[in-house]
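Here's the structure we're looking at; comments come further down.
The values are calculated or read from the model by the stated rules, or taken from the named source; none is laboratory data. Computed from a prediction, not measured in an experiment: that's the story for all the values here. Because the Cβ atoms are built from the backbone with ideal geometry, glycine has one as well, and the counts that use them run over all protein chains shown.
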Amino acid sequence: MNAFIRYLAKLALAGTIALGAATATHADDKIVRIGFQKYGTLILLKTKGLLEEKLKPQGYTVEWTEFPAGPQLLEALNVGSIDFGTTGEAPPIFAQAAGAPLVYVGYEPPAPEAEAILVPKDSPLKTVADLKGKKVALNKGSNVHYLLVKALEKAGLAYSDVEVSFLPPADARAAFEKQAVDAWVIWEPFLAAAEAATGARQLANGNGVVDNHEFYLASRDFVDTQPEVVDTLVASLGEIDTWINASRGDVAEQFSPALGIPADVLAVAVQRRSYGVKPITPEVVAAQQKIADVFFELGLIPTAISIADAVRKPQS
């Protein structure tokens, strides 16, 4: 993990000049820069064009950048390349521990079925306990990092009982298919895609193990200087969530071509997620703090952190 922290520090140093330039011009250029992942409410907001419609009268334009996972997205937020994005529970903990100036501004309801531990269809492994001494792939610092920790604990194993191989989703999928790893811990829509394409089996998902919240995060500068844009963003996400909940059957067919995800895979991913953006509550802060404390105890982050320090304060 020390290597991971050094990597983040190096990345932050490399982005210092870019960050300075962005800070100097961002207030004047009226560009909102959003990071999104392969699937989620943000990408549906992008596809519908609702945010552009709402911000255009105020003179804003919107730039969208796709990231393979939450840690990479928050690295971009840390160096000032984006203003706003979404990740699962674990990435902001690693990023806050590394000094990233992030702020929690909202969250989606729990979706424990939207992440799982997969094994090949012909694997002899039948339970999480069978992972002892095996090689498990996951994206470093991502939400599934915590799923693995808690699933092992529930099965009576320690995190040190498995060999963790840190790979981003595309590389992990390749290693999984070649059976260079014994298991893969992954989230939607990569989860449903792997099941459909390879017949992979779930040893366990998040049910009864983790909440698997999705968080909306912004840079502190963005929250402090453009609170009205943050409010518009969150309200727009709420409109998309309301539409999804009322039209789940239509989401896959309408957005499959734009997202590049087969409709049958997207339909599964939609059903495994929960939708309905909400302000951060004390209960969610407490749950997130528990994860941070576990990561610190395991030596996965270098210092203890306070989640409450990174939560957006109520607007007066």
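Just to be sure before I move on: is L118 without any contact (Cβ under 8 Å) to a residue 40 or more places away in the chain, farther than 30 Å from F222 by Cβ and surrounded by 21 or more Cβ atoms within 10 Å (Cβ to Cβ) in the structure I sent?
Answer is no for this residue.
Considering only the stretch 195-210, state which residues are polar (S, T, N, Q) and either closer than 12 Å to A116 by Cα or buried (at least 22 other Cβ atoms within 10 Å of the Cβ) (or both).
Q202, N205, N207
Out of V294, V284, V270, V251, report the one residue that is farther than 27 Å from V103 by Cα and either of a type in the set (G, A, S) or outside the structural domain of V162 (by TED's automatic domain parsing) (or both).
Residue meeting the stated conditions: V251.
Within 30 Å of G238 (Cβ to Cβ) and of a type outside the set (S, T, N, Q): which single residue out of E195, E214, E177 fits that description?
Matching residue, one of E195, E214, E177: E214.
Considering A180, A158, A174, A192, which residue is crowded, with 24+ Cβ neighbours inside 10 Å and aliphatic (A, V, I, L, M)?
Selected residue: A192, the only one of A180, A158, A174, A192 that is crowded, with 24+ Cβ neighbours inside 10 Å and aliphatic (A, V, I, L, M).
Out of everything in the stretch 274-286 that is modelled with pLDDT of 90 or more and of a type outside the set (A, V, I, L, M), what residue ends up being surrounded by the most Cβ atoms within 10 Å (Cβ to Cβ)?
The qualifying residue surrounded by the most Cβ atoms within 10 Å (Cβ to Cβ) is Y275.
Taking the stretch 178-196, which residues are in a helix (DSSP H, G or I) and farther than 22 Å from T87 by Cβ?
Of everything in the stretch 178-196, those that are in a helix (DSSP H, G or I) and farther than 22 Å from T87 by Cβ turn out to be E195, A196.
Looking for whichever is part of a helix (DSSP H, G or I) and of a type in the set (S, T, Y) here; the options are S165, S236. Which one fits?
Within the list S165, S236, the selection yields S236.
Please go through the stretch 215-260 and pick out each residue that is of a type in the set (D, E, K, R) and at pLDDT below 90.
Scanning the stretch 215-260 gives R248, D250, E253.
Of the residues A175, A116, which single one is small (G, A, S), in a helix (DSSP H, G or I) and either at pLDDT below 95 or under 23 Å from the mean Cα position of the chain (by Cα) (or both)?
A175
Look through G133, G208 and report the one residue that is in a loop (DSSP other than H, G, I, E, B), more than 17 Å from the chain's Cα centre (by Cα) and within 23 Å of A111 (Cα to Cα).
Testing whether each residue is in a loop (DSSP other than H, G, I, E, B), more than 17 Å from the chain's Cα centre (by Cα) and within 23 Å of A111 (Cα to Cα) leaves just G208.
What number of residues in the stretch 292-309 are closer than 16 Å to P91 by Cβ, at pLDDT 95 or above and either of a type in the set (F, W, Y) or not in a loop (DSSP other than H, G, I, E, B) (or both)?
3
Looking at T41, T65, T86, which one is at pLDDT below 95 and either touching an Asp or Glu at 6+ places or on another chain (Cβ under 8 Å) or surrounded by fewer than 23 Cβ atoms within 10 Å (Cβ to Cβ) (or both)?
T41
Can you name every residue in the stretch 230-250 that is touching a Leu at 6+ places or on another chain (Cβ under 8 Å) and crowded, with 21+ Cβ neighbours inside 10 Å?
L233, S236, L237, I240
Mind counting the residues in the stretch 211-228 that are in a strand (DSSP E or B) and surrounded by fewer than 17 Cβ atoms within 10 Å (Cβ to Cβ)?
Residues meeting the conditions: 0.
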